[in-house]
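Notes follow the structure.
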Amino acid sequence: MTRVAPQALLNLPGHATPPGGGTRFLPWLEEMARAAPTTPAIEGVDGAAIDRAGLHRAVTDLGDRLLAVGAGRGQVVLSDLGNGPDALVAWLGAASVSTVCAIGGEEPDLRILELLDMFPVAAVMVHRDRTSRLRRLAQAHGLPRLIVGTGQEPQSWQIEPGPTTPIPAEPTRAGDGAVIAMTSGTTGMPKAVAWSQESVMLSARALADWMTLGAGDRSLCVMPLSHLHALVRSLLPVMIAGGTAICAPGLDPARVLGWLETCRPTLMTGSPAVFRTIADRIEARGTPLDCPGLTRIASGSDALDPASADRISRMFGVPLAEFYGQSEIAPMIAGSQGGIVARQGDPTLVGPLMAPWTVAFRDDHGVIHDGPGEGEILIRGGLANPVISGPPLVQGDWIATGDTGRMGSDGALHINGRVHTRINRGGRKIEPITVELALERQPGVREALVFALPDPVLGARVAAAIVGDATPRALQAALADSLPDYMIPDRIVLVDALPRTETGKLRRDGADRRFAKALESAALTSAAPATQDPLTTEIAAMMGQLLELSPFDADTDFFAAGGNSFVALNLMLELQDRYGVELTPGELIASSTAVALAALVRDRQTADAAAEPQATRHPVTLRTVQTGTGPMSLILAHAVDGSAPHARPLARTLGPEWTLHTLEATSIGRELPEDRDTLPGLRDHARNCADAIRAAGIEGPYCLAGHSFGAHLALEIAQALVAGGAAVPFVGILDDEADWEKRHFAIRAGRQAAPAQYAAGRMMLNSNVLRPYPGDAWLFRAVAQPESWLADRTLGWSWTIAGTLTEVDLNSDHLGILRHGAIERTAEALAEGIAQAVARYDADGHGAVVARHAALARSIDARPECAILVKACEAAKDGDLDQEIGTYWRALSVGADLPYWAYRNLGDALVQRGDVEDAEEAFRKAVDREDCPIGGLRRLSAILRETGRMEAAEAVRLGADIHDAPNLTVKRALAQWDMDEDRPACAAAALEAALDLWPDPLTNRLLIDSLVKCNRLTEARAAAERAVELEPAAAAARLALARLLERLGDLATALNETRTALSLAPSYTAAYWIQARLLDALNQRAEAIASAKRAVELSPQDANLKWYLTELMSKEA
């Protein structure tokens, strides 16, 4: 938890003027004392009382003494006083002038030290008669200690000063924090929530009104004062109504019945655990409770099942009401009507909303529905008590309660459970309370706790811990009559007791870890006899190999035998690879023995063969382009249209000693089939290519390479060959532009439409998800456009290649590396890489290389994040946002160190789902993992702009300058960012700085564009002239200068530059058009028409050129 600054305790939003007006402690106590000074305000269970006048004096005196030692506004008084009248007096005194935080006496030293460090603590309060760690630790911290004594006048309570002279403090003001409530509920995520005096009084008054309390009422409180329930639901409400608060020293089961029968309370509130404990004592005693004045009891702070509510009402002889509130809001939200038994048999019913609250519901897609609906409960109208250390609940105008529920037709609020405890089992949402109630209705079950077991396949599986003597098998069978299959717990363990908080709430956090040993020993086996046919035997052996159990019985449940979620995912992939059967997670869990799984595989294979359309099998031809005189050989994968256009130039460049084969599938470049489902995937096509290699009689070792699309195909072919036991010492990845499109990482970036002959290949590529490859590879990277690999020089391939990834830079662009002028360097680099790989193969031997493939495959299996990330990318390809996001979250939950691209993918998916805040966090994590995060920062800035946070977006761009090392590429990338977001002046500054480092032609052209956009034409002309000097033979540079000269009115010079451009590039359409404009402006119309006609001849489809030619000819006529 983070440190809380004093400012966080001041001026809580909206608290100075709460609904219905604000009330503070001292004026309220003064008014009570003036109205009836001798009326008892507080009593102990021994009958000793403090009247209203004495209470006002004690609270005022104690407040003054705390102010004198520096504990006032913006400061915290940490209190460990236990329970009782003196503790309540001290609490009121501290909360009236400063901010009080009460803790339980059982807190360990480490926790107390954490609180002392977290809050601006100015003093502590401890009890003279209690051993308190807080007193010792506070003394070591040099803090003043207020020593409270039982039965003494508060004026005589002792102050132990600190080592320094205190500076008197001022008291809190209206709307300042008065109380810090430390709460985690059932989440296990600690939160510090600030309450003002106004919100405490508002909440206490609301409960007094709801229970219709009056001056004759007496409330017995056995809840700990460290819990807000004691103060705002039990003690202060009755005092506000003019009655008497009875402070017990805590919940003592042996004495609580005596207190009820001697103190004669008229009402009692508490948590369900408190009432269950008292009901147990009444039942054990065997005689009814003798408390005739008790007319009202109410439960809150946790859910209560109908059976317990009915039992408590019978034991107390009073109808039980129930209320619903949270530490983070004031007043409480809803409650059952007075005199109505809580829940009325409906396990979700709470009651009508209380003023001033209104409610809405947020569905699973993040859409908020006002009024009737179902989903996460959102409220507004009352006060939000701010979370000052921990996750906040306020989201815009609404306060997110973290509970799920609905509004009934009768206007009553129903609560289903907590959002964070809801179990998402393969997309099916399960409320634990529903399963718990079903379990508790079964014979032999006294209590149940239902929780999730993490599972990267389903997301989660359902598990339960029960107190009782029922058998798990019998319970599962019995639940089948009342629950759907997906809600029946996969694992049920018997425990002696369920974990609870100090107030009796079920402790749900970490249940899977808490019961880990019991879950491991809960071996649930199938009763089906094992039929040892060959398929069953194979699957049983497969399970045993994955679980490292031999022999493995065919009728043993895979999960009960220790099959964790990651092993289950590997089993599904193995079944798919070996038998061609893709199972859903639900099917695997439903058929989790080898016998059942074999039957399912057989059925699926039969059904698939009958029903599935047969995939188109593109014929693959292995063609020998050149038979070399030496031993070196290379197989080149085809391009996106199925052809191999670069094969012959590459063969000539490699030299006559090289043998070069190409894989070609020309049918890919034809029209797409009508049924797109019959289009083979890239992985299937790669298997066909591997079969073609083997069929041609080519024996390994195999050296493969491919360019762009072919790079992905080459790697998939290598996967297929390695899986067949071959040795593949070399795979060459020739610049696949991976980071521009993120194709193999499931991000489908926008790009111009592909030509028709590329469509099938693009579809194959975009539907493919690369798996980690158990071998070595060489990455040949085109570096003429280095912005593409700023985030990661390996373009993400370092994650895909499990072996060694060797990087080679080629000084050309994506297409140019296989064209004249650069293909020589590409061939040289390829030859060098293959020579090194083959030399290593010759030195190590075939067996060692194959063994290395196998060892790398095992290392991939040992990295659970590999399978998880593949699953996430597959979900992205299928458009399943929830599955994709859930899979990434599961990867993070097991501590996986995800690469930057995974965080980018997660961020994009969250944006699509509308979870903008989580998306922002994901993009920030991506930025942290990028080598030079220009791309990640641009995406983060765009998200902030899209959500209206313009200043934050601009701050991201300005912050990007910290990465602006003296690097031409970085400066150019920053400038491009500025240009794209219409900041030409900023872009120009970055580009000018870049040119100071290196007079690069591309940078210079970008500078010209930015200067023109800024209307700095004279400077743009100078830049354009510099561009001509840098590239005197570049027609584009000449034409850019001509355009600028035209704008500046120097038409004659512009015309000369245009003619020079045309001499360099005689088919330059744009140059003919500009020449026509210039000639027309110089009144040389006949030549202008001739130039325009030439432009139309070169681009006959350009409507603008045709229109311009028509205009020129009409002028001439």
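General remarks:
- The listed residue being within 18 Å of D1009 (Cα to Cα) and surrounded by 24 or more Cβ atoms within 10 Å (Cβ to Cβ), out of R1038, R1043, R1047: R1038
- Taking region 1065-1090 as the range and being polar (S, T, N, Q) and assigned to a helix (DSSP H, G or I) as the test, the residues that pass are T1069, Q1075.
- Subset of region 1026-1057 [at pLDDT 80 or above and among the acidic types (D, E)]: E1029, E1046, D1050, E1057
- Residue in region 801-824 that is in a helix (DSSP H, G or I), surrounded by fewer than 19 Cβ atoms within 10 Å (Cβ to Cβ) and touching a helix residue (DSSP H, G or I) at 6+ places or on another chain (Cβ under 8 Å) present: yes
- Only a single criterion out of (1) modelled with pLDDT under 85; (2) touching a strand residue (DSSP E or B) at 6+ places or on another chain (Cβ under 9 Å) is not satisfied by A307, namely (2).
- For P999, the criteria (1) assigned to a helix (DSSP H, G or I); (2) at pLDDT below 80 hold in every case but one, which is (1).
- Exactly one residue among P265, P237 is within 30 Å of G72 (Cβ to Cβ), surrounded by 21 or more Cβ atoms within 10 Å (Cβ to Cβ) and not β-branched (V, I, T), and that residue is P237.
- Flag if E657 is exposed (fewer than 15 other Cβ atoms within 10 Å of the Cβ), of a type in the set (D, E) and either modelled with pLDDT of 90 or more or outside the structural domain of G725 (by TED's automatic domain parsing) (or both): yes
- Residue satisfying all of: in region 43-72; of a type in the set (V, I, T) and in contact with an Asp or Glu (Cβ under 9 Å, 6 or more places away or on another chain); farthest from L260 (Cα to Cα) among these: T60
- Any hit, region 41-62, residues being in contact (Cβ under 8 Å) with a residue 24 or more places away in the chain, within 22 Å of R205 (Cβ to Cβ), among the acidic types (D, E) and in a helix (DSSP H, G or I): no
- Within region 265-290, the set of residues being polar (S, T, N, Q) and in contact with a Lys or Arg (Cβ under 9 Å, 6 or more places away or on another chain) comprises T266, T269, S271.
- Residue ID - modelled with the highest pLDDT, chosen from residues in region 559-605 that are touching a Gly at 6+ places or on another chain (Cβ under 8 Å) and surrounded by 17 or more Cβ atoms within 10 Å (Cβ to Cβ): L571
- Residue within region 745-764 that is over 23 Å from H646 (Cα atoms), modelled with pLDDT of 80 or more, assigned by TED's automatic domain parsing to the domain that holds D641 and part of a helix (DSSP H, G or I) present: no
The values are calculated or read from the model by the stated rules, or taken from the named source; none is laboratory data. Just so you know, these numbers come straight off a predicted model, no measurement behind them. Positions of Cβ are backbone-derived with ideal geometry, glycine not excepted, and every protein chain shown enters the neighbour counts.
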